[in-house]
Amino acid sequence: MKLNSVQPIEQFNNQSVSAPGVPAPAVGTAIRILDYLAKQHPRAGVTDIARALGVSKSSCFNILATLSQFGMLSKLPGGAQYQLGPRLAALAGAARRQYSYREVLQRHFGDLAAETHLVCVVGQPLGDDTSFVIIDQIVPPGFRLRNLAPRVGTVVPLSGPALGRALLSGMDDLEALQIIRHMIPNFSMADETEFKRELREVRERGYAVSLERYQKGINAVAVAIEKAGEPYLVVGLVGDSTDFTVERIHQLGPNLAERARALRSAISDTPYLMVAT
């Protein structure tokens with residue numbers, strides 16, 4: 001069975017706006033337009049945008065006009081091209097002021113990453129109940145091998161190694177099994193028994209372990225953080241297996257779990273943490 005599958009968040013840029021999972025297709029198209037102008041072409045016209053996103057020119061024009069009316073886009077003078085508008089900057093600034101999550105994460109895990117010389121990654125479950133997204137990387141000063149860990153914006157299925165197991169351990173066995181059965185074809189009874197054993201071990205230890213399951217030569221340890229009784233964040237340490245050995249993992253696991261408990265208390269009154277960009 002394939003438990004490791006990591007997909008960059010850009011996969012959703014090409015998602016059909018009429019897909020069953022999109023409750024408001026027009027809103028989905030608007031988001032894809034903003035993403036297209038932010039990441040691919042800072043200035044583009046109706047025809048180019050419609051062709052790139054695979055939507056009708058008339059629908060694209062109406063959405064562009066609406067976004068421009070509310071300041072999300074600006075139409076360039078002397079032409080029919082659009083670029084990101086000033087209201088986005090205002091909203092981004094407000095979001096940063098209201099949800100300074102990086103300061104909280106750095107306070108709880110920055111020194112741990114520096115002392116251990118390991119990359120600390122933070123994930124947040126997505127609304128699809130099958131995956132989570134990496135919202136931050138806390139990298140030790142001078143550390144060059146940050147690609148050991150999944151980058152910010154990477155979408156990881158809950159079937160993935162340590163971080164996914166940590167999140168699933170916060171659910172009851174039946175809920176966790178339903179998710180895994182949905183994601184992994186031909187999940188056998190033997191697989192189910194092994195899976196429940198893994199979750200039991202994670203709960204007993206207080207942290208999940210991955211030995212070269214995410215990537216060859218890479219080990220990880222992870223802890224889930226609950227809020228209102230549900231998995232809310234997951235924090236992990238990732239490093240080269242030659243340095244981040246099994247013995248070292250079990251030395252650092254309780255430390256990571258203790259810091260995660262402290263973070264849970266710190267965010268107990270926070271509405272939510274904003275996904276990083």
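The alpha-carbon of LYS39 sits under 16 angstrom from the alpha-carbon of none of the lysines, leaving out residues fewer than 8 places away in its chain. Taking a straight line from the alpha carbon of LYS216, these lysines sit under 19 Å away, with near neighbours fewer than eight places off in the same chain left out: LYS2.
Kirkwood analysis of region 99-266, using all unique Cα-Cα pairs, places the hydrodynamic radius at 15.9 Å. Amide H contacts for GLN81 (H built 1.01 Å from N in the peptide plane; partners 5 or more residues away or on another chain; cut-off under 5 Å): LEU76. Taking 16 Å as the straight-line reach from the Cα of LYS227, the aspartates and glutamates in range (excluding those fewer than 8 positions away in the same chain) are ASP129, ASP172, GLU258, ASP269.
Taking neighbour counts of Cβ atoms within 10 Å as a proxy for exposure, in what order, fewest first, do ARG102, ARG144, ARG87 appear? Please list the in-between numbers first.
Details: ARG102 17, ARG144 7, ARG87 14.
Fewest-to-most Cβ neighbours within 10 Å comes out as ARG144, ARG87, ARG102.
With θ taken as phi - 60° and the Karplus curve 6.51 cos²θ - 1.76 cosθ + 1.60 applied, the whole-hertz 3J(HN,Hα) list for region 151-156 is 6, 4, x, 6, 8, 10 Hz, x standing for glycine and proline. Karplus-derived 3J(HN,Hα) values for region 182-197, using 6.51 cos²θ - 1.76 cosθ + 1.60 with θ = phi - 60°, are 5, 8, 10, x, 6, 6, 7, 4, 5, 4, 4, 4, 5, 5, 5, 5 Hz; glycine and proline are entered as x.
Taking 51 Å as R0, compute the FRET efficiency from the Cβ-Cβ separation of ARG203 and ARG51 and round it to 0.05.
Details: r = 51 Å, r/R0 = 1.00.
Between ARG203 and ARG51 the formula returns 0.50.
Under a 5 Å amide H cut-off, with hydrogens placed 1.01 Å from N, ASP136 pairs with VAL122 among residues at least 5 apart or on other chains.
Amide hydrogen proximity for SER241: with H placed 1.01 Å from N in the peptide plane, the residues at 5 or more positions away or on another chain lying under 5 Å are ILE218, ASN219. Counted residue by residue at 0.36 nm each, then reduced by the alpha carbon distance between them, the extension gain from HIS250 to HIS117 reaches 46.3 nm. Note that region 24-32 has calculated 3J(HN,Hα) couplings of 10, x, 5, 5, x, 5, 4, 5, 5 Hz, one per residue in order, obtained from phi through the Karplus relation 6.51 cos²θ - 1.76 cosθ + 1.60 (θ = phi - 60°); glycine and proline are x. Distance between the 7 Å Cα→Cβ label points at THR66 and ALA26: 0.3 nm.
Just so you know, all these numbers are worked out from the coordinates, no wet-lab data involved. Worth saying up front: this structure is predicted, and the values here are computed from it rather than measured. Here Cβ is always computed from backbone atoms with ideal geometry, including for glycine, and neighbour counts include all displayed protein chains.
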